[in-house]
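Enquirer: Let me begin by handing over the structure; questions about it come next.
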Amino acid sequence: MSTDHHHHDHDHEHIDHPDTDAGPWSEHRYIEGALRELLIEKGVVTAEEMRAQVERMEGRNPGLGARVVARAWTDPDYKARLLEDANAAVDELGIEIQPTHLIALENTPEEHNVVVCTLCSCYPRNLLGLPPDWYKARAYRSRVVREPRAVLREFGTELPDSTRIRVHDSTADMRYVVLPRRPEDTEGMSEEELAALVGRDAMIGVSVVTKD
Amino acid sequence: MSEGEAHRGYHDMGGDQAGAIDQEGHAYLLWEKRIDAMMVLLSGPEKKLIRVDELRRAIESLGPDVYEDLSYYERWTAAITALMLEKGVVSQAELDAKVAAMKAARGDAA
Amino acid sequence: MSGFDVGASVRVRLAYPTGHCRTPFYCRGKTGVVERVCGAFRNPETLAYGQDGEPQLTLYRVRFAANDLWADGEPGVAVEIELYEPWLESA
């Protein structure tokens, strides 16, 4: 049985036979399998719904957010709309954002934004995909509200002392995406080339976008 | 200990001292994607069986030791299972029997 | 609805309810400024127990200067937190 089964080969994936991942299973992995099979047997969910939802989530990644950023960098009117009503602006690009209430935060030389969820791990997953492990872990959630400059430094981001920092704790119904600063000397680049520069961490706000 | 500290949830960690941030990630495994998908479906507009707020309440009820011991999606699994039991959608006996059958099928005697 | 306007000075109630809530411990009893009004949302404190979350509550974003949250708060740092109206009082 192939260990990289779930990376491709979806047509042959049998959702009711979850033993396609090799290696030892934790107790909770068994419980996940047992619960899923029971919910399918009882008609609460269907195997097809499960498969479709896994695929929907796999289709979401930081590339979606990067498209939004690149458009905002190249179209001032779009940027204004994004900062005014991020849901509508993301929707304009055909990205399905509902039911998220999205707020876009613009980085400037004077002000840098960084996002966290100290209580759990709220994240704009419809725009950026699933969050990285560190975003959900105790160290980041504990520290970034209290010592953001030290945390940013750990991510290799050194900001001038004159740059104010706004830390956004997504405690409730809003989700946040950072609009990073456009790097210098990129005037000749296309929107697509610009999007390729924009990484996940810059849209969380722990890093900045660089040309190379 | 400041006033109220005893009532502070173990999940409520903003401002705490903590060590270096481990930036190594892992690629999500299929079972992790499935428990995530299960939550999206169960909380979606069609089924409305669980609310995200209930998931969070259930995670905050796991207890500090379990919370620290489990991985992110193991917490979700434990919490969603607790909610399905609480709501009577599945029974503990059904779960136990299914887990035992799956272990037997994989040749996992433990 | 009483309501707070953008720019209003508000203090987070110093309360320790048991059960699910979305008001981080570190901002309780602290004073900040309303950054924006997000709208009305169902109450997570009752949604968490299977209720319908009605009546809806006004949700605010409140900006706190780091040195109003912590004695060692860094200069030039602000923390912005979403808080539901019942947790806020005029300051």
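The values are calculated or read from the model by the stated rules, or taken from the named source; none is laboratory data. No experiment lies behind these values; they were computed from the predicted model shown. Please note: Cβ atoms are built from the backbone with ideal geometry, for glycine as well, and neighbour counts cover all protein chains shown.
Enquirer: Looking only at the range C:44-88, count every residue that is over 20 Å from A:Arg175 (Cα atoms) and of a type in the set (Asp, Glu) and tell me the total.
Expert: Total meeting the criteria: 5.
Enquirer: Considering only residues that are among the small types (Gly, Ala, Ser), under 21 Å from the mean Cα position of the chain (by Cα) and facing another protein chain (nearest Cβ under 7 Å), which ones fall in the range B:1-28?
Expert: Within the range B:1-28, B:Gly14, B:Gly25 qualify.
Enquirer: Please tell me if A:Tyr30 is assigned by TED's automatic domain parsing to the domain that holds A:Leu194, of a type in the set (Ser, Thr, Tyr) and modelled with pLDDT of 95 or more.
Expert: No.
Enquirer: I want to confirm something. Restricting to the range A:41-64 and keeping residues that are among the hydrophobic types (A, V, I, L, M, F, W, C) and within 10 Å of another protein chain (Cβ to nearest Cβ), which single residue is farthest from B:Leu29 (Cα to Cα)?
Expert: So the residue we want is A:Val44.
Enquirer: If C:Ala65 passes every condition in (1) under 13 Å from the mean Cα position of the chain (by Cα); (2) closer than 30 Å to A:Ser162 by Cβ but one, which one does it miss?
Expert: (1)
Enquirer: Would you check if A:Pro160 is in contact with a Phe, Trp or Tyr (Cβ under 7 Å, 6 or more places away or on another chain), farther than 12 Å from C:Val77 by Cα and either without any contact (Cβ under 8 Å) to a residue 24 or more places away in the chain or away from chain B (no Cβ under 11 Å) (or both)?
Expert: no
Enquirer: Among (1) at the interface with another protein chain (Cβ under 8 Å from one of its Cβ atoms); (2) touching a Gly at 6+ places or on another chain (Cβ under 9 Å); (3) closer than 23 Å to B:Tyr10 by Cα; (4) touching a residue at least 40 places away in the same chain (Cβ under 8 Å), there is one condition C:Tyr84 misses while meeting the rest; what is its number?
Expert: Status for C:Tyr84: all satisfied but (2).
Enquirer: On to the next question. Of the residues B:Lys47, B:Lys33, only one is basic (Lys, Arg) and surrounded by fewer than 17 Cβ atoms within 10 Å (Cβ to Cβ); which?
Expert: Exactly one of B:Lys47, B:Lys33 is basic (Lys, Arg) and surrounded by fewer than 17 Cβ atoms within 10 Å (Cβ to Cβ), namely B:Lys47.
Enquirer: Related question: Report yes if some residue within the range A:57-69 is modelled with pLDDT of 95 or more, under 30 Å from B:Ser91 (Cα atoms) and surrounded by 14 or more Cβ atoms within 10 Å (Cβ to Cβ); otherwise report no.
Expert: Yes, there is a match, as at least one residue in the range A:57-69 is modelled with pLDDT of 95 or more, under 30 Å from B:Ser91 (Cα atoms) and surrounded by 14 or more Cβ atoms within 10 Å (Cβ to Cβ).
Enquirer: Specify which of the listed residues (B:Glu24, B:Glu68) is outside any helix (DSSP H, G or I), out of contact with any strand residue (DSSP E or B) (no Cβ under 8 Å at 6 or more places or on another chain) and surrounded by fewer than 17 Cβ atoms within 10 Å (Cβ to Cβ).
Expert: Result of the check over B:Glu24, B:Glu68: B:Glu24.
Enquirer: Looking for something in contact with a helix residue (DSSP H, G or I) (Cβ under 9 Å, 6 or more places away or on another chain), at pLDDT 95 or above and in a helix (DSSP H, G or I) - is there at least one such residue anywhere in the range A:162-183?
Expert: The answer is no; no qualifying residue exists.
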